[in-house]
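Colleague: Shown below is the structure under consideration.
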Amino acid sequence: MLIGELLASSLRMAVPILLTALGAVFTERSGVVNIGLEGMMIVGSFWGALGAYYYGPYFGLITAMAAGMFMALIHAINTVTFRVDQVVSGVAINILAYGSTRFLSLAIFNMATTSPHVSGLPKINIPVLSGIEPLKPLVNDISPVIILTLLLVPISSFVIHRTVFGLRLRSVGENPLAADTLGINVFKMKYAGVLLSGIFAGLSGAYLALEHTGMYVEGMTQGQGFIALAAMIFGNWEPKGALWASLLFGFSEALSFRVVEGGVVPYQFIKMIPYVLTLLVLTGVVKKSTSPAASGVPYERGLK
Amino acid sequence: SGNKNQQQGQQQEGKEKLKIGLVFDVGGRGDLSFNDSAYAGLERAAKEFADKIEVDYREPSAGGQDREQLLRLLAENGFDLIFGVGFLFTEHIQKVSQEFPNVKFALIDGAIDGLDENSNVACLLFKEHEGSFLVGAAAALKSKTGKIGFVGGMKSPLIERFEVGYMAGAKYVNPNIEIYSDYIGTTGDAFKDPVKGKELALNQFKKGADVVYHASGASGVGVIEAAAAEKKFAIGVDSDQSLSASEAQRPFILTSMLKRVDVAVYETIKSLVEGNFKGGYKVFGLTEDGVGYAENDYNKELIADIKSKLEEIKEKIIKGEIKVPVDKNEYNEFLKNNFK
Amino acid sequence: MKKGFYIALLRMLAPMLAIVLSALISSIVILSIGKSPLQVFYTMFKFSLSRMDSVAIILYNATPLIFSGLAVSVGFRMGLFNIGVEGQYLIGAFFAALAGFSIKGLPAAIHLPLVILCGAVGGMLWAFIPIFLKVKRGVHEVISTIMLNYISYSLIHYLIADLFIDRSQKLIQGLGSILARTPKLSPSAMMPKLHGFLGLFGLQLPRHVYLNWFFPLGILTAALIYYLLMYTPFGFELRAVGQNREAARTAGISPERVYIIGFLLSGALAGFVGLSDLMSYFGYMDMDFPRNYGFDGIAVALIAQNNPFGIIFSAILFGFLKRGAEGIQTLLGVPRETISILQAVMIMSIVVITKIMNDYIKRLEKKEEVRLC
Amino acid sequence: MEKAVVLKKITKRFPGIVANDRIDLEVEKGEIHAIVGENGAGKSTLMKILAGIYQPDEGEIYIFGKREKINSPGRAIELKIGMVHQHFMLVDRFTVLENIILGAEKSSGIALDEKRCRKAVEELLALYNFSLNLDARVEEISVGQAQRVEILKVLYRGADILVLDEPTAVLAPQEVRELFNNLRRLKSEGKTIIFISHKLEEVLEIADHITVLRRGKVVGTAIPSQVTKEDLARMMVGKPVMMRLDKEPLDVGEVLLSIEDLVVKESSGRPLVNGISLKIRGGEIYGIAGIEGNGQKELAEAIIGLRTASAGRIRVCGRDIAGLSIKEIRNLGVAFIPEDRHRQGLVLPMKVWENMMLGYHTKKDFLRGRSLNLKAIRGFTKNKVEEYGVRLSSIEQSIEGLSGGNQQKVILGRELSRGPKIIVASQPTRGLDVGAAEFVHKELLKMRKKGSAILFISADLEEVLSISDRVGVIYNGKITAEFRPEEVTPEDIGVYMLGGEKGAGEAK
Ligand SMILES: Nc1ncnc2c1ncn2[C@@H]1O[C@H](COP(=O)(O)OP(=O)(O)OP(=O)(O)O)[C@@H](O)[C@H]1O
Ligand SMILES: Nc1ncnc2c1ncn2[C@@H]1O[C@H](COP(=O)(O)OP(=O)(O)OP(=O)(O)O)[C@@H](O)[C@H]1O
Ligand SMILES: [Mg+2]
Ligand SMILES: [Mg+2]
């Protein structure tokens, strides 16, 4: 029972990280580093609430993804078309996301930091599994976005490894010149990778606002875009890896909620658990990182 | 010189009306509790004294480092009374008020040493522990499981006062009650993390609590959401959170601990308008109706059965028959005295 | 020669063009809330540049960013991304505070350098963890520094809210709130302001300005870093490792050694970031101690293309925007978010335009070269 | 005869240089047409224009008589033009199969239909009698195999016009044979082949027509039967070229480099160098011949300390280097000319003079106190640039902008100027034209005369045989045979390079 609760809580905490990390896999695989994911989550949370406030949760999810994609488009124009430093562009995206949501929030809701309440998608029960007692918290009354996210892991994996699109996307991140000589449109592929990451991050933000909390609160992303980046690296640029990394992180967060305060350990140290655990696991698991060979390097045809 | 003209122009304009400025705490307008409450007071005054005052407000940057500059700029630009919302303004108001002896300042929640009636600073202080004591009692009275919870934002002496008052109130009603207590985080971000707020509250509910009180700013949204999801009770804080909650959440908000920052702001402006602004310390407790618990159309029935008991306790506090603890030490003493 | 002049002109022009472009884009934002862009920009410049105190405040704002920009840039120069400046400066500031409040009775001439040293040591210690993990265990520095930032937040909270909280703070009638903060630094640990020095030149700064000796120290540090990078064997090794680690290794340079020393240097610079605020403005460290300098430093360093002197200028640009935001908010009631948007747009247009310009200049220079040979 | 490709007045300018200057070229359908020229003559550029990578500034292109505008590699593929690039264009981390099908995948819906792709590729393999493990990652296969992958990529797309840019630079003679057989076969199928090479014998052997470029211009055309190697070389360079090395008789000193039973393993545990022993004396050049990927790179890297020996011993001037750092080994007097100058030899974005001090930047004469003595370093660089005739505009320019030959001269200047006792030269002339290669050889011979022990590794057999005093053949991490150059022919050695039997032509 309590184990079920712990796992359910882990899952809820892991989902936003996982979604964004999946997006990060796509952009990184196309060779574009995107540290603007945090900002894309921020606009996702705001635009998700905005869309849902006026036209309901489904529309909210769509506006969130569109908003994330729009920020990603800016990043793509900066880094793919103009080939500027990908980190700078990402930093600027984060600032822009912060400033523009606050600005719009004031303009639209007349409040700088919160939206009105919005309702999320109807919660669902998973038919067969919901009867099994220990699984109950995991499969009853859960957000459809959680299911969607979990499904997106094998789907992303399939897309990356087993489709024409995926093969081309990876080739562009590994050796854009080679891809180019084979008639693959490098720019289109990179745009696709970056835009996908924006869509995922936007959805992740919307999950926080619509599905978890029921409103937009400024800063509710709490730096999870960066954690997602870490999860993606930790997961070795693979959707499945990102899943395990996000779950590890979600689990340690959920665990930290459950460590009772007042013992010998000051509570601040309990708050460190997720980060320390991640660090420890990383230290224990040495593996050769296999970042895409041309990650972070702008491409221009005819450059050596 | 254009600048000077402009400034003078503004000052001349301002001379006809009193200029009231307010600088928010981090989080700004829309936090659904503290800042919004201050804003409500400002608005009310603006409406009531529309022909005598004009009001304006500022928000500090996300880290809040420019508080002092904002205060100073308001003072330079001819404002007559300037509020700093939150104890983090303590040092800044102390400094700036000395630079501008002709400008009045009001500090909410913070205490500056050595003020008197003639000072140009008024400290508006609240007895949050008294209000929390009442909602703690309400929680204990309403709890069927004998377990209740508290979720704080960032741990700090101020938030601990909410926690301690709440626990004392609950124990006062039911000495055997079990109280879970959690804090969200270790930075100011803990006041805008509804995701963790919800998870912590959910965890408390799952452990058996059926009423959870929060003092966590905008993170409280998550606590209320958790209560609605679990069909248990949440207790709001600062302003009457039943009013800002969604339709679906309202049945699950037992009450809110009111901290009448709006009253404090309004009263201070009023005193200025009426020409009897006084420096020093203004304390808002149960006696002054500066703190309390909320009753509204949505929770009237919920608290109907315990209201008389709450009123009784309130009287005792006002009369001094109950001494509400303000920190952990006093709380332990409180427990010793009441249940030996 | 004429071409050289032309190129220099283009170089100068790039940032101007960027500023104009971002101003244009921001104008749309300003128009959308029904204010006049011209008035906003006029006010912003006027307010920031026509007042002595504004100018000083801009430099004060720039001070921590110079150090964090330098810290980040040292990392970038050797090919590492130090996102951890954020945590490093908080730990550094705490170490400095600890040395500042716990030691009493030392003359300032000894105490002050000691406190600064402690700041640097704190930053180095916190930087040592990720670089040690990277070199010994292959842990990616981006992940470890992100984690360590969060860990530092909690650790700092523990240190200043529990362990070293100033217990001498008094409440009024048991009310108000004491701050979760350290005791105050001894006066001998406080950095003098620049007022006296500038007074010698007839410049009178208002009392409320906290511009202090960390600003000149920042410029000096930038110069030292420049010298280190360009004129010393270690600086050369650092750049070589950053630009081609394999070639550097082949040439007998140990990248691991360079990483460790370089990252510690970066951490030491990060240790300076919080000191200007701590030792001149606050005099204590509390839970409200300024955040995000580490992240701002990334933008500062990259806009300056990791050039130490460029960093001074981009830090001042950031300081200017911050001051300008206060000005237009106070004088015109324009929300400060407008400036955040302006800032983001400005960063983007600066990098985009300098990129286009540089490509163009490179082409021009190539033409020149051929004619020479 | 139908013309497959006609180029008219093609001009391509790069910033500051005219890479192709009004080039006319006619290639008949079904012929093998060779293009030769010095480094930087503009051969690759011209072919890249044909492949859609560069756009010509002026000029016209006709493919099978039709005027075409080839504005992207995709368009070139549509026109059935395929190019095998000088630097392989392969995705190292992909499998052979993935590399071949990339961009022309067969799919079912959105999914990749791997089965159909595999079948199509296997048919091609059978047709051309290629053997390749389709599931091997490209980073694991040999250079010869990688080249086959490149050719298959082109064939898979059904190209009718094949462009091969220096395809033989890294192949063993037997592999070259095999390649030529395939080219002839493709020719007999009616495919048109354009072939670039610095190796003039090859060109004379395989080509039907030859076009010679010099400094971006066509300086002549020839038919192989009517010209000699020397004629071609003269056309290329514009003056007579000496084709043979003048080597003074051997005058050896004591053993400076001695290697005993050296084993170097990959991180996975597979031995790359598997028990090599050799001794080199001062004044001696020991050549290592072998197909790339047989452990020569690792052997070189073990000597300089980039890899650690898992067994065996390396002694430099009698001193065991186990446990020494690269820097310490270099200080013992070991100079290293790495095979991949861009990856290991140079820091490309840095200036010429900065590259000139790389690895020697802590030498006393480059320091003043604890700082760099920039004046001394610049002065040193200027001297070397003059001495070696490095063509550049300024020592302040980044070394990226120099041609390969000139980059190599900088490395030589740097590594040879401190009187090294031992020189490890790994593929030092790869990609260099005859003139530049000759220069490298002369410099190495100078060092030999001065008494250095030189380990000379090359895939180019002619070269190894002409410069070395002794030649060892490396195969699978072992020295499988050792010769004196005058005792053998390239073909004999080729047998060993491909793993042939011991004893066939072995000499003591
Ligand atoms: N992308 C480019 N940008 C600028 N200059 C270039 C570029 N590509 C080639 N060049 C220049 O054009 C000239 C011709 O180069 P190209 O690569 O065609 O020579 P090549 O004949 O193939 O030489 P090699 O024998 O070394 O392969 C050289 O001077 C080179 O520096
Ligand atoms: N984008 C570029 N900008 C400047 N110079 C270039 C560029 N691309 C290539 N070059 C120059 O063109 C010359 C030949 O380029 P190419 O791509 O043909 O390599 P390459 O012929 O194999 O060189 P090498 O064989 O000498 O290593 C080189 O000297 C290189 O420096
Ligand atoms: Mg070429
Ligand atoms: Mg070449």
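Colleague: What's the angle, to the nearest 10 degrees (0 to 90), between helix A:239-258's Cα axis and the longest principal axis of chain A?
Modeller: The helix A:239-258 is inclined about 30 degrees to chain A.
Colleague: How big is the antiparallel share of DSSP beta bridges in chain B, given as a percent to the nearest 5?
Modeller: 5 percent
Colleague: Considering just Cα atoms, how many Å³ per residue does the convex hull of chain D enclose?
Modeller: Given the Cα convex hull of chain D, per-residue volume reads 169 Å³.
Colleague: So, one more: Kirkwood Rh, region C:1-159, all Cα pairs: how many Å?
Modeller: 19.8 Å
Colleague: Considering only Cα-Cα distances, which of the following residue pairs are longer than 18 Å: B:Lys259/B:Lys282; B:Lys282/B:Lys316; D:Lys297/D:Lys450; B:Lys147/B:Lys207; D:Lys327/D:Lys364?
Modeller: B:Lys282/B:Lys316; D:Lys297/D:Lys450
Colleague: Order B:Phe105, D:Phe88, C:Phe128, most accessible first, counting only protein heavy atoms with a 1.4 angstrom probe.
Modeller: Per-residue accessible area, sorted high to low, gives C:Phe128, D:Phe88, B:Phe105.
Colleague: Considering the dipole of the protein assembly as shown built from charges on the beta carbon (Lys and Arg +1, Asp and Glu -1) around the Cα centre, which of D:Asn373, A:Leu169, C:His111 is farthest to its positive end?
Modeller: Positive-most Cα among the choices belongs to D:Asn373.
Colleague: Here's a follow-up. Please report how far the C-alpha centroid of region D:376-398 lies from that of region A:1-67, rounded to the nearest whole angstrom.
Modeller: Between the Cα centres of region D:376-398 and region A:1-67 lies a distance of 56 Å.
Colleague: Through the Karplus equation 6.51 cos²θ - 1.76 cosθ + 1.60, θ set to phi - 60°, convert the phi angles of region C:14-30 into ³J(HN,Hα) values in whole Hz; use x for Gly and Pro.
Modeller: 3, x, 5, 4, 4, 5, 4, 4, 5, 4, 4, 5, 5, 4, 4, 4, 5
Colleague: Which value, in debye to the nearest 20, gives the size of the charge dipole of the protein assembly as shown about its Cα centre, when Lys and Arg are +1 and Asp and Glu are -1 at the Cβ?
Modeller: Computed about the Cα centre, the dipole is about 2640 debye.
Colleague: Which listed residue (C:Tyr150, A:Met13, D:Ala51) has the Cα farthest towards the positive end of the charge dipole for the protein assembly as shown, taking +1 on Lys and Arg C-beta and -1 on Asp and Glu C-beta about the Cα centre?
Modeller: With unit charges placed on the Cβ atoms, the residue in question is D:Ala51.
Colleague: Using each residue's phi in region D:221-236, evaluate 6.51 cos²θ - 1.76 cosθ + 1.60 at θ = phi - 60° and report the 3J(HN,Hα) Karplus result to the nearest Hz, with x for Gly and Pro.
Modeller: So the Karplus estimates, Gly and Pro as x, are 10, 8, 10, x, 5, 9, 10, 10, 3, 4, 4, 4, 4, 5, 4, 5 Hz.
Colleague: Moving on. Expressed in whole Å with the largest first, what are the equivalent ellipsoid semi-axes of chain B derived from the C-alpha gyration tensor as the square root of 5 times each eigenvalue?
Modeller: They are 37, 20, 18 Å, listed from largest to smallest.
Colleague: Which value results for Rg/Rh of chain A when Rg is the Cα radius of gyration and Rh the Kirkwood radius based on the inverse mean 1/r?
Modeller: 0.99
Colleague: What number, in percent, do you get for the relative contact order of region C:228-373 if the mean sequence gap of Cα pairs under 8 Å and at least 6 apart is divided by its residue count?
Modeller: 9 percent
Colleague: Okay, moving on. Can you list residues whose amide H is under 5 Å from B:Asn299's amide H, if they're 5+ apart or on another chain and H is modeled 1.01 Å from N?
Modeller: Amide H neighbours of B:Asn299, under 5 Å, 5+ apart: none.
Colleague: Name the long-range amide H neighbours of D:Ala289: under 5 Å, sequence gap of 5 or more, or other chain; modelled H, no Pro or chain starts.
Modeller: D:Gly472, D:Val473, D:Ile474
Colleague: Could I ask something else about it? Using the alpha carbons of region D:131-268, what is the convex hull volume per residue in cubic angstrom, as a whole number?
Modeller: 213 Å³
Colleague: Here's a follow-up. Could you work out the mean count of beta carbons from other protein chains within 10 Å of each residue's beta carbon in C:39-47?
Modeller: Other-chain Cβ atoms within 10 Å of each residue's Cβ, averaged: 1.
Colleague: Moving on. Compute the Kirkwood hydrodynamic radius of region A:94-222, taking the inverse of the mean of 1/r over all pairs of distinct Cα atoms, and give it in Å to one decimal.
Modeller: 17.9 Å
Colleague: Extending each Cα 7 Å along its Cβ direction at A:Leu150 and D:Ser225, get the distance between those two points in nm, one decimal.
Modeller: 7.7 nm
Colleague: Continuing with this model, one more query. Which semi-axes, in whole Å and largest first, does the equivalent ellipsoid of region C:242-284 have when worked out from the alpha carbon gyration tensor as the square roots of 5 times its eigenvalues?
Modeller: Working through the eigenvalues yields semi-axes of 36, 8, 5 Å.
Colleague: Here's a follow-up. Report the one residue of A:Ser295, A:Leu22, A:Ser45 whose Cα lies farthest in the direction of the positive end of the charge dipole of chain A (charges on C-beta: Lys and Arg +1, Asp and Glu -1; origin at the Cα centre).
Modeller: Among A:Ser295, A:Leu22, A:Ser45, the one farthest towards the positive end of the dipole of chain A is A:Ser295.
Colleague: Could I ask something else about it? Ignore the peptide's own chain and count Cβ atoms of other chains within 10 Å of each Cβ in C:285-294; give me the average, rounded.
Modeller: If you average over the peptide's residues, the count of other-chain Cβ atoms is 4.
Colleague: Still on this structure, I have one more. About the Cα centre, and with charges only on the beta carbon of Lys, Arg (+1) and Asp, Glu (-1), how big is the dipole of region D:339-418? Nearest 20 debye, please.
Modeller: So the dipole magnitude of region D:339-418 works out to roughly 360 debye.
Colleague: Run the 1.4 Å probe and let me know the accessible area of A:Trp237, rounded to the nearest 10 Å².
Modeller: Per-residue accessible area (A:Trp237): approximately 10 Å².
Colleague: Over every pair of different alpha-carbon atoms in region C:157-207, take the mean of 1/r and invert it; report that Kirkwood radius in Å.
Modeller: 14.1 Å
Colleague: Tell me, what HN-Hα J-couplings in whole Hz come from the Karplus equation 6.51 cos²θ - 1.76 cosθ + 1.60 at θ = phi - 60° for each residue of region C:64-71, using x for Gly and Pro?
Modeller: Going residue by residue, I get x, 5, 4, 5, 6, x, 5, 4 Hz, with x marking Gly and Pro.
Colleague: Among C:Val74, A:Val33, what's the order by accessible area (1.4 angstrom probe), most exposed first?
Modeller: Of C:Val74, A:Val33, the descending order of accessible area is A:Val33, C:Val74.
Colleague: Grab every C-alpha pair in region D:267-371, bin the distances at 10 angstrom width from 0 up to the longest one, and report whole percents.
Modeller: With 10 Å bins starting at 0, P(r) equals 11, 38, 35, 14, 2.
Colleague: Still on this structure, I have one more. Kindly work out what percent of the DSSP beta bridges joining two residues of the protein assembly as shown are antiparallel, to the nearest 5.
Modeller: Just about 40 percent of them are antiparallel.
Colleague: Okay, next question. Using modelled amide H (1.01 Å from N, peptide plane; none on Pro or chain starts), what sits under 5 Å from the amide H of D:Lys29, excluding residues fewer than 5 places away?
Modeller: D:Glu2, D:Lys3, D:Ala4
Colleague: Rolling a 1.4 Å sphere over the protein heavy atoms, what is the accessible area per residue of the protein assembly as shown, to the nearest Å²?
Modeller: 37 Å²
Colleague: Now, a different point. Please list, or write none, the lysines whose alpha carbon is within less than 29 Å of the alpha carbon of C:Lys104, excluding same-chain residues fewer than 8 places away.
Modeller: Candidates past the 8-residue exclusion: B:Lys95, C:Lys170, C:Lys184, C:Lys193.
Colleague: At 25 °C and 0.890 mPa s, what whole-number value in µm²/s does Stokes-Einstein give for the translational diffusion of region C:111-190, with Rh from the Kirkwood sum over Cα pairs?
Modeller: D = 161 µm²/s.
Colleague: At 37 °C and 0.692 mPa s, what whole-number value in µm²/s does Stokes-Einstein give for the translational diffusion of the protein assembly as shown, with Rh from the Kirkwood sum over Cα pairs?
Modeller: Result for D is 91 µm²/s.
Colleague: For the full complex of protein chains and a 1.4 angstrom probe, list B:Asp80, B:Asp327 by accessible area with the highest value first.
Modeller: B:Asp327, B:Asp80
Colleague: Now for a different question. At 1.4 Å probe size, what's the solvent-accessible area of C:Leu155? Round to the nearest 10 Å².
Modeller: Surface accessible to solvent at C:Leu155 totals approximately 40 Å².
Colleague: Still on this structure, I have one more. How big is the accessible area of D:Lys446 in square angstrom, nearest 10, if you roll a 1.4 angstrom probe over the protein chains?
Modeller: 100 Å²
Colleague: Given a cut-off of 26 Å, what percent of all Cα-Cα pairs of region D:3-237 lie beyond it?
Modeller: 37 percent
Colleague: Return the Rg/Rh value of region B:59-184, two decimal places, where both radii are evaluated on C-alpha atoms and Rh is the Kirkwood radius.
Modeller: Result for region B:59-184 is an Rg/Rh of 1.14.
Colleague: How big is the charge dipole of region D:3-237 about its Cα centre, in debye rounded to the nearest 20, if each Lys and Arg gets +1 on its Cβ and each Asp and Glu gets -1 on its Cβ?
Modeller: So the magnitude is around 640 debye.
Colleague: Can you tell me the convex hull volume per residue for region D:339-418, based on C-alpha atoms, in Å³ to the nearest whole number?
Modeller: Considering the Cα atoms of region D:339-418, their hull volume per residue is 86 Å³.
Colleague: Still on this structure, I have one more. Rg and Dmax of region D:19-119, Cα atoms, in Å?
Modeller: In Å, with Rg to one decimal and Dmax whole: 16.5, 49.
Colleague: Once the piece of chain linking C:Leu38 and C:Lys136 is laid out straight, how much longer is it, given 0.36 nm per residue of separation minus the C-alpha distance between them?
Modeller: Going from the current span to full extension adds 29.7 nm.
Colleague: Compare each residue of region B:208-246 in its chain alone against the assembly with all protein chains, and report those whose accessible area goes down by 30 Å² or more; 1.4 Å probe, heavy atoms.
Modeller: Residues meeting the cut-off: B:Val221, B:Glu225.
Colleague: Across 10 Å bins from the origin, how do the percents of Cα pairs in chain C run, short distances first?
Modeller: 5, 20, 28, 26, 15, 4, 1, 0, 0
Colleague: Further question: Using a probe of 1.4 angstrom, how much of the accessible area of the protein assembly as shown is carbon and sulfur, in percent?
Modeller: Of all accessible area on the protein assembly as shown, carbon and sulfur atoms account for 56 percent.
The values are calculated or read from the model by the stated rules, or taken from the named source; none is laboratory data. Keep in mind the model is a prediction, meaning the values are calculated, not measured. Quick reminder, even Gly has a Cβ in these numbers, built from the backbone with ideal geometry, and neighbours come from all protein chains shown. Side chains included, ligands, DNA and RNA excluded: accessible areas come from the protein's heavy atoms. Shrake-Rupley method; radii C 1.70, N 1.55, O 1.52, S 1.80 Å.
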